[in-house]
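Rule-based calculations on the coordinates, nothing more; no lab input. Since we're looking at a predicted model, the values are computed, not measured. Don't worry about glycine lacking a Cβ; one is built from the backbone with ideal geometry, like all the others, and counts go over all protein chains shown.
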Amino acid sequence: MVHQTMKTHIALPLLFLCLATPSCIAQAQSHSPEQQPIVLPAGEHQLPALVDQCSVHLKVNILTSPQELTGGPQGNPTVRLQQSVTLDEAGCEDFLSSVLWQRGFALTWLNQSARTMEVISLNGPMGREVLQRAVQRTVQEVLARPDSRMPVTVVVELKHVNATIAHNSLRPFFASLGSQPAALTLGTAGNGATLLVTGIQSQVAQALRIIQASDIPPAQPDPQSLEAVRLLCEKLEERVKVLEARLKQVTAPK
């Protein structure tokens, strides 16, 4: 009995030691149940209530101004869904940002470490602050979620196109966005190979597709075309020699 009690006293600390190790914690987390998707039923949803519902699913605080959300010409705005929507975490964030954008608002990060977002009116006094809250994302992250309407900044490393040329070429495509509070902003890092793009993620994704389609190596010349040019140059060279000889005969003193 004493021997069995000693084994029990030894085993318990070892068990707690194992549970405290990172490997045991990671193994326990890997077996934790995945978060269930959020289901938004068909019908009308009040916008403030929809924000609260999504904040619970995303496990974030979303700060809103009741005066802005409900003080517009529509009163308390609603979102009408003809079909139910099932969303995972990323889909919920993209859906909420798109709905708010359609209603004239932007969903932004106020403090990522504190898991706090804020809804800003695009036409309000803080509308110009939307792009100042852009979160840096990679090209792959932006293209993986092209429907998001949150402000982001992307650093694009170009391989074949000069950054200044790409910047000047892209501006006409997005010139119409200049009147919007959250327009697309392009810039260069000064090294000729880095392009900076800041804007709403859906617009940035569109710009990135254009950049990728344009950032390709120059086409190699056709060997047959080169040969044709070489032969033409030889013929022209011969004609120049003939003309020079005739010119000498004409201008030679008699």
_Along principal axes, Cα extents of the range 37-123, largest first, whole Å_ = 34, 33, 16
*Most exposed first by the Cβ proxy, i.e. fewest other Cβ within 10 Å, how do Val60, Val130 rank?*
Val60, Val130
*Which shape class applies to the range 84-195: rounded if a/c is under 1.5, otherwise prolate when a/b exceeds b/c and oblate if not, where a ≥ b ≥ c are the square roots of the Cα gyration tensor eigenvalues?*
prolate
*asked:* List the residues, sorted by chain then number, that are 5 or more residues from Met150 or on another chain and whose placed amide H is less than 5 Å from its amide H.
replied: Gln201, Ser202
_Exposure proxy ranking, count of Cβ atoms within 10 Å, fewest first, for Ile120, Ile165_ = Ile165, Ile120
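When Leu236, Leu47, Leu100 are ordered from fewest to most other Cβ atoms inside 10 Å of their Cβ, what list results? Spell out each step's value before the answer.
Details: Leu236 10, Leu47 22, Leu100 28.
Neighbour counts put them in this order, fewest first: Leu236, Leu47, Leu100.
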